[in-house]
Each structure stands twice: as structure tokens, then as C-alpha cells.
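Since the structure comes first, as C-alpha cells, the remarks are kept for the end.
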Amino acid sequence: MVWEGGAARLLPIPIRMKMKAIWLNDIHLEFLGNPEIESFVRSLADNKADGVLIAGDIAQAHTVSTYLSRLQHALAVPIYFVLGNHDFYHGSIAGVRSAITDLVHQSSNLHWLSESGAVPLTTTTCLVGHDGWGDGRLGDFEHSHVQLNDFRLIAELAGLCRAGLLQRLTQLGDEAAEHFKSVLPDALQSAEHVVVLTHVPPFKEASWYDGRYCDPDWLPFFSCKAVGDFLAEAMRNHPDKRMTVLCGHTHGGGRSEILPNLVTFTGPAEYGRPAIQKVFEWD
């Protein structure tokens with residue numbers, strides 16, 4: 001069952017014995033023309049998957065709903081997604097969230113995990129997710145000279161002093177962690193394997209760039225410690241369960257074993273060249 005629009009009404013959904021799922025991240029469709037988008041969609045359709053998982057950075061504020069609608073009509077399978085920081089560019093967090101909420105309420109195949117509970121994919125595998133955010137807690141925020149476009153192009157982050165920016169980033173990270181605290185217990189109770197979809201890597205060890213971990217200047221913005229701390233604690237408390245985290249954001253790729261039962265995949269990305277990261281087949 002899955003939450004409808006964050007409300008306390010649970011909707012039954014079909015549960016498969018097996019599921020074939022395509023994982024995407026940082027596809028940035030705003031950088032493509034129509035022929036390139038059509039070619040990309042054909043590559044997705046050719047896999048004949050049962051569902052698609054998108055770990056954020058789909059487009060930008062004024063186009064993300066349009067591209068999600070285009071994908072759902074072209075693929076006609078469930079699309080489970082979270083949003084990334086680029087999805088709020090040239091707009092506001094509040095405005096995009098409102099538009100996406102309206103969009104998913106009008107579609108049976110679009111599922112925004114930040115407003116969903118635990119989604120059973122098979123009889124043993126469950127999906128949870130949230131957009132996440134770089135929450136400033138890892139690395140060296142105080143001395144970092146990094147200036148992301150986020151701080152100019154997202155209304156809630158623009159014009160803030162350094163202290164105000166850190167406060168806002170930690171609030172966004174805490175918001176993501178609170179979502180997982182509300183949905184993960186049900187997932188762990190009902191499934192042997194939990195798949196977590198999020199945009200920002202929740203661990204330092206998952207913040208890959210150019211074959212290594214991000215340096216202390218970038219790490220505050222390329223990791224969400226609040227989410228990572230909770231996920232790790234939950235899996236230490238459930239050694240009989242296993243978790244797979246799928247994330248992106250850094251545009252660097254890598255696999256990280258955080259715990260014996262907790263593995264994170266960070267997908268690489270290149271502007272203008274969206275790609276399938278991996279095709280999973282879950283029992």
C-alpha cells in the first residue's frame with residue numbers, strides 16, 4: 001500500500017512476485033532536443049521494465065512537470081521519482097512541490113516518493129524515498145568557498161547570509177530524515193529488502209566524484225548526514241534485513257558498502273547524455 005499525497009489514506013496497489021526496474025538519475029532533460037529525448041525514451045521502452053526509478057534532477061522548475069508527464073505517457077509503467085536541486089532552479093521549493101503534488105494526483109503512474117509511504121514492489125522488496133538535500137553537516141562548511149547555483153536560482157536559498165544558508169540546509173536535511181523516520185519502520189516490518197531512492201548521497205562514502213570521495217569543500221553540499229545517520233542506525237537495528245540506496249547528485253559514480261546489510265549506489269551523470277544506470281530484477 002502507498003500513501004496518497006502525504007495524507008493518511010492508504011491505497012492498495014498490485015504486488016508482483018518479481019520486478020524489473022530501470023534506475024535513472026540526473027537526466028537533465030532540459031539539455032536535450034526532441035530527437036534526443038525520443039531516442040532516450042525508446043531506450044527505456046526497449047528494456048520492457050515493470051517500472052522506472054528516477055533519483056532526481058529531471059529538469060528545472062518550469063519544465064519538470066512537463067517532462068514527467070511526457071515520460072509517463074510514453075512508457076505507460078509506474079514511475080517512482082524524487083526531485084533534485086536542479087528541479088527547483090528558476091523557481092521555488094514551495095512552488096515546485098505544489099505543482100508536483102497536483103501532477104501526481106492526476107496520474108496513476110507517477111509516484112513522488114517524498115509524499116508516499118512504503119511502496120511494495122514485490123512480496124519481499126519495498127521502496128521508500130525522499131528528495132534529500134545537502135545539509136551542510138559533513139565536510140567543512142565554515143571554510144568552504146563553494147558557491148552552488150542553488151544559492152542564486154532557488155528562491156528559498158537566494159540572498160541568505162552564510163549562517164542563514166546553513167540553517168536552511170540543515171532544515172531541509174532534517175525534513176528528509178523525518179520522512180524516512182515515518183516510512184521506514186513499515187518498510188522494514190513488511191519486507192526483507194528495502195530500496196531507498198534519494199537524490200543526495202546520505203553518506204560521505206557515497207559522495208563520489210572523479211573516482212574518489214568529495215573533498216571537504218564540496219562534501220557539505222553533496223551529502224545529507226541527517227538521512228545517512230538514520231538509515232545506518234535503522235539497519236544496525238535490523239541485521240536480518242538489507243537495504244539498497246540509489247542516489248546521484250555528484251555526477252560521479254561508485255558503489256559503497258556502508259554496513260554488511262547496507263549498500264549504496266551513486267550514479268554517474270553527464271549533461272546532455274542521460275543514461276540508464278542499472279536495470280534491477282528483484283524478487
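Mind checking which residues of region 83-106 are touching a strand residue (DSSP E or B) at 6+ places or on another chain (Cβ under 9 Å) and in a loop (DSSP other than H, G, I, E, B)?
LEU83, GLY84, TYR89, HIS90, SER92
Search region 227-246 for residues being crowded, with 23+ Cβ neighbours inside 10 Å, out of contact with any helix residue (DSSP H, G or I) (no Cβ under 6 Å at 6 or more places or on another chain) and free of Cβ contacts under 8 Å to residues at least 60 places away in the same chain, and hand back the single one that is farthest from HIS179 (Cα to Cα).
Of everything passing the filter in region 227-246, VAL245 is farthest from HIS179 (Cα to Cα).
Among LEU29, LEU11, which is the only one that is at negative phi, out of contact with any Leu (no Cβ under 6 Å at 6 or more places or on another chain) and modelled with pLDDT under 95?
Every option except LEU11 fails the conditions.
For ASP135, indicate whether it is assigned to a loop (DSSP other than H, G, I, E, B), of a type outside the set (Lys, Arg), under 19 Å from the mean Cα position of the chain (by Cα) and farther than 26 Å from VAL104 by Cα.
The answer is yes for ASP135.
If I filter region 190-211 down to residues being acidic (Asp, Glu) and in a loop (DSSP other than H, G, I, E, B), which single residue comes out as farthest from ALA176 (Cα to Cα)?
Among those residues, the one meeting the criterion is ASP210.
Could you tell me which residue of region 264-282 is farthest from PHE81 (Cα to Cα), considering only residues that are surrounded by fewer than 16 Cβ atoms within 10 Å (Cβ to Cβ) and either in contact with a strand residue (DSSP E or B) (Cβ under 6 Å, 6 or more places away or on another chain) or hydrophobic (A, V, I, L, M, F, W, C) (or both)?
Looking at residues that are surrounded by fewer than 16 Cβ atoms within 10 Å (Cβ to Cβ) and either in contact with a strand residue (DSSP E or B) (Cβ under 6 Å, 6 or more places away or on another chain) or hydrophobic (A, V, I, L, M, F, W, C) (or both), I get GLU281.
Give all pairs with beta carbons closer than 7 Å in which a residue from region 85-110 that is over 20 Å from GLN72 (Cβ atoms) and in contact (Cβ under 8 Å) with a residue 60 or more places away in the chain meets a residue that is surrounded by fewer than 15 Cβ atoms within 10 Å (Cβ to Cβ) and of a type in the set (S, T, N, Q); count only pairs at least 6 apart in sequence or on separate chains.
Filtered contacts from region 85-110: TYR89/ASN149.
The values are calculated or read from the model by the stated rules, or taken from the named source; none is laboratory data. None of the values given here were measured: they were computed from a predicted structure. Heads up, the Cβs are rebuilt from the backbone with ideal geometry, glycines too, and the neighbour counts pull from every protein chain shown.
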